[in-house]
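Novice: Encoded as structure tokens, here's the structure I'll be asking about.
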């Protein structure tokens, strides 16, 4: 049985809005779905994801923002498919603005320290030479955190859905659930 692993973004959790929508959708479809709440420490997050993936048959990934960065790395590592939603594909530079300060955890509103060590860890997970046919991009041009064009430049041959407007969280993602399911499970 194929498993879909959802990877949340920076400061989010496996109980964020998108994770819950995906969880409900795949439960109705009787598809094995996992959405772990991951550490903000990149090495811990990736090691957790690898352990989960290695205990799943045919893992597939969905990643949002920083989760998209991790999903791309894991798709290459396991030669599998991934859907990237407004991904932070240049995560080390994108998340540099949080250095020397505290970032918010959006689940419980706590704060965590984000530092140079975390950026160095992210650099270990930069994926290159990815099979772009195994990647789907969901991008909204109104993303105020990440320029959607970065994803198109890095992955010009990936299947892409680009919508005008929207936000970084990708408004109305549920409209694309059937296409995502078909892509991941075909």
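The values are calculated or read from the model by the stated rules, or taken from the named source; none is laboratory data. What you see is a predicted model, and the numbers here were worked out from it, not measured in a lab. With ideal geometry, Cβ positions are generated from the backbone for all residues, glycine too; neighbour counts draw on all protein chains shown.
Novice: Filter segment 54-84 down to residues that are assigned to a helix (DSSP H, G or I) and either under 23 Å from residue 170 (Cα atoms) or touching a helix residue (DSSP H, G or I) at 6+ places or on another chain (Cβ under 6 Å) (or both), then give me how many there are.
Specialist: Taking segment 54-84 as the starting set, the residues that turn out to be assigned to a helix (DSSP H, G or I) are 54, 66-77.
So of that shortlist, the ones also either under 23 Å from residue 170 (Cα atoms) or touching a helix residue (DSSP H, G or I) at 6+ places or on another chain (Cβ under 6 Å) (or both) come out as 66-75.
So the answer is 10.
Novice: Identify, by number, the condition in (1) in contact (Cβ under 8 Å) with a residue 24 or more places away in the chain; (2) surrounded by 17 or more Cβ atoms within 10 Å (Cβ to Cβ); (3) part of a helix (DSSP H, G or I) that residue 5 doesn't meet.
Specialist: Unmet condition: (3).
Novice: Please determine whether any residue of segment 24-32 is in contact (Cβ under 8 Å) with a residue 60 or more places away in the chain, under 24 Å from residue 176 (Cα atoms), within 15 Å of the chain's Cα centre (by Cα) and assigned to a helix (DSSP H, G or I).
Specialist: no
Novice: Would you mind listing the strands (runs of 3 or more DSSP E) fully within segment 95-186 where at least 3 residues are modelled with pLDDT of 95 or more? Walk me through it before giving the result.
Specialist: Working: elements: 101-104, 111-114, 135-140, 159-163.
Of the strands (runs of 3 or more DSSP E) lying wholly inside segment 95-186, those with at least 3 residues that are modelled with pLDDT of 95 or more span 135-140, 159-163.
Novice: Any idea which of (1) surrounded by fewer than 18 Cβ atoms within 10 Å (Cβ to Cβ); (2) more than 17 Å from residue 14 (Cβ to Cβ); (3) in contact (Cβ under 8 Å) with a residue 40 or more places away in the chain is the one residue 37 doesn't satisfy?
Specialist: For residue 37, the exception is condition (2).
Novice: Are there any pairs, at least 6 apart or on different chains, whose C-beta atoms fall under 7 Å, with the first in segment 102-129 and farther than 21 Å from residue 87 by Cα and the second modelled with pLDDT of 95 or more and surrounded by 11 or more Cβ atoms within 10 Å (Cβ to Cβ), and if so, which?
Specialist: That search, which allows pairs on different chains as well, returns 112/40.
Novice: Also, I was wondering about something else. Could you list all residues from segment 8-23 that are touching a helix residue (DSSP H, G or I) at 6+ places or on another chain (Cβ under 7 Å) and in a helix (DSSP H, G or I)?
Specialist: 18, 21, listed by residue number.
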